[in-house]
1. Could you list, in sequence order, the residues of the range 87-133 that are farther than 25 Å from Thr63 by Cβ and of a type in the set (A, V, I, L, M)?
2. Given the options Arg55, Arg16, Arg5, Arg37, name the one that is closer than 13 Å to Pro188 by Cα and surrounded by fewer than 19 Cβ atoms within 10 Å (Cβ to Cβ).
3. Can we say Glu163 is of a type in the set (Asp, Glu), in contact with a Lys or Arg (Cβ under 8 Å, 6 or more places away or on another chain) and under 30 Å from Asn62 (Cα atoms)?
4. Hey, can you tell me all the residues within the range 144-161 that are open to solvent by 70 Å² or more (accessible area, probe 1.4 Å) and in a loop (DSSP other than H, G, I, E, B)?
5. For the range 76-90: of the residues being without any contact (Cβ under 8 Å) to a residue 40 or more places away in the chain and either crowded, with 19+ Cβ neighbours inside 10 Å or of a type in the set (S, T, N, Q) (or both), which is nearest to Val21 (Cα to Cα)?
6. Name the pairs: first residue in the range 131-143 and outside any loop (DSSP other than H, G, I, E, B), second residue open to solvent by 50 Å² or more (accessible area, probe 1.4 Å), Cβ to Cβ under 6 Å, at least 6 apart or on different chains?
7. Only one of Tyr126, Tyr98 is open to solvent by 30 Å² or more (accessible area, probe 1.4 Å), within 25 Å of Phe26 (Cβ to Cβ) and at pLDDT 95 or above; which?
8. Step by step: first the residues of the range 166-177, then only those that are of a type in the set (Val, Ile, Thr) and out of contact with any Lys or Arg (no Cβ under 6 Å at 6 or more places or on another chain), then the one that is most open to solvent (accessible area, probe 1.4 Å). Which residue is that?
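The values are calculated or read from the model by the stated rules, or taken from the named source; none is laboratory data. This structure is a prediction, so every number in the text was calculated from the model and none was measured. All Cβ positions, even for glycine, are placed from backbone atoms using ideal geometry, and neighbour counts span all protein chains on display. Note: accessible area is taken over every heavy atom of the protein model, side chains too, but ligands, DNA and RNA are not part of it. Shrake-Rupley method; radii C 1.70, N 1.55, O 1.52, S 1.80 Å.
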Amino acid sequence: WLQYRRLLPTLIADWRSRFEVGEFPFLIVSLANNNARQTKPIEPGWAEIRESQWRTARTVPNTGLAMTIDTSDGSNIHPRNKQEVGRRLALVARNKVYGEKDLIYSGPEFIEMQTEAPKHDRIRLYFKQLGGGLMIKPGDSKLAGFAIAGPDKEFVWGDAVIEGDTIVVSSPDVPTPKHVRYGWAWNPIGNLYNKAGLPAITFRTDE
């Protein structure tokens with residue numbers, strides 16, 4: 001995955017150079033959910049590659065990311081629901097390429113965290129791309145997929161709740177939390193969406 005951090009931006013730069021038409025748009029489809037459903041707080045592997053894709057979309061000009069973490073049944077990396085993948089790519093294109101700046105084209109995107117005073121026993125997460133507000137996937141009763149750890153980075157499942165446009169994560173097993181990860185698995189159990197119906201981009205605060 002560290003190599004992918006270099007390879008994907010290099011690929012984009014190479015194609016742009018060879019086409020000789022400037023920095024044309026490059027839209028990235030995140031890796032879909034695949035393999036067995038997540039059972040441990042973190043299951044590294046493809047999570048880091050998805051992070052590399054997100055990192056590229058954040059740092060390389062005129063690029064965008066379509067999140068597809070919920071489009072597969074886990075048995076095939078190529079989602080059968082091509083229409084939804086295409087729809088999400090179209091949303092990115094309409095915003096990034098065609099200038100529909102008020103269009104919500106992404107699910108919630110993590111931007112920063114704070115350790116809550118005075119006890120410093122929980123972490124508050126802040127997001128952009130709220131799309132009308134944060135929500136739990138319809139049919140689910142509580143947030144899932146959040147893991148929390150102290151300085152030792154021994155992650156356990158976190159208790160996560162939506163408070164306005166933020167999420168607060170804590171665990172009785174982690175009295176001094178320092179890090180949070182969300183959807184950190186091949187086939188994560190995350191169920192955070194915005195009210196535009198788009199899934200949150202998986203992330204870690206300890207990048």
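1. Within the range 87-133, Ala117, Ile123 qualify.
2. Values: Arg55 fails: closer than 13 Å to Pro188 by Cα; Arg16 fails: closer than 13 Å to Pro188 by Cα; Arg5 fails: closer than 13 Å to Pro188 by Cα.
On inspection, the qualifying residue turns out to be Arg37.
3. Details: of a type in the set (Asp, Glu): yes; in contact with a Lys or Arg (Cβ under 8 Å, 6 or more places away or on another chain): yes; under 30 Å from Asn62 (Cα atoms): no.
Considered against the rule, which asks whether it is of a type in the set (Asp, Glu), in contact with a Lys or Arg (Cβ under 8 Å, 6 or more places away or on another chain) and under 30 Å from Asn62 (Cα atoms), Glu163 comes out as no.
4. Taking the range 144-161 and keeping what is open to solvent by 70 Å² or more (accessible area, probe 1.4 Å), we get 151-154, 157, 159, 161.
Answer for the range 144-161, where residues must be open to solvent by 70 Å² or more (accessible area, probe 1.4 Å) and in a loop (DSSP other than H, G, I, E, B): Pro151, Asp152, Lys153, Glu154.
5. Gln83
6. Leu134/Ile162; Met135/Lys195
7. Values: Tyr126 fails: within 25 Å of Phe26 (Cβ to Cβ).
Result: Tyr98 is the single residue among Tyr126, Tyr98 that is open to solvent by 30 Å² or more (accessible area, probe 1.4 Å), within 25 Å of Phe26 (Cβ to Cβ) and at pLDDT 95 or above.
8. Filtering the range 166-177 down to residues of a type in the set (Val, Ile, Thr) leaves 166-169, 174, 176.
Now restrict to residues that are out of contact with any Lys or Arg (no Cβ under 6 Å at 6 or more places or on another chain): 167, 169, 174, 176.
Working: Ile167: 0, Val169: 0, Val174: 10, Thr176: 77 Å².
Only one residue fits best here, namely Thr176.
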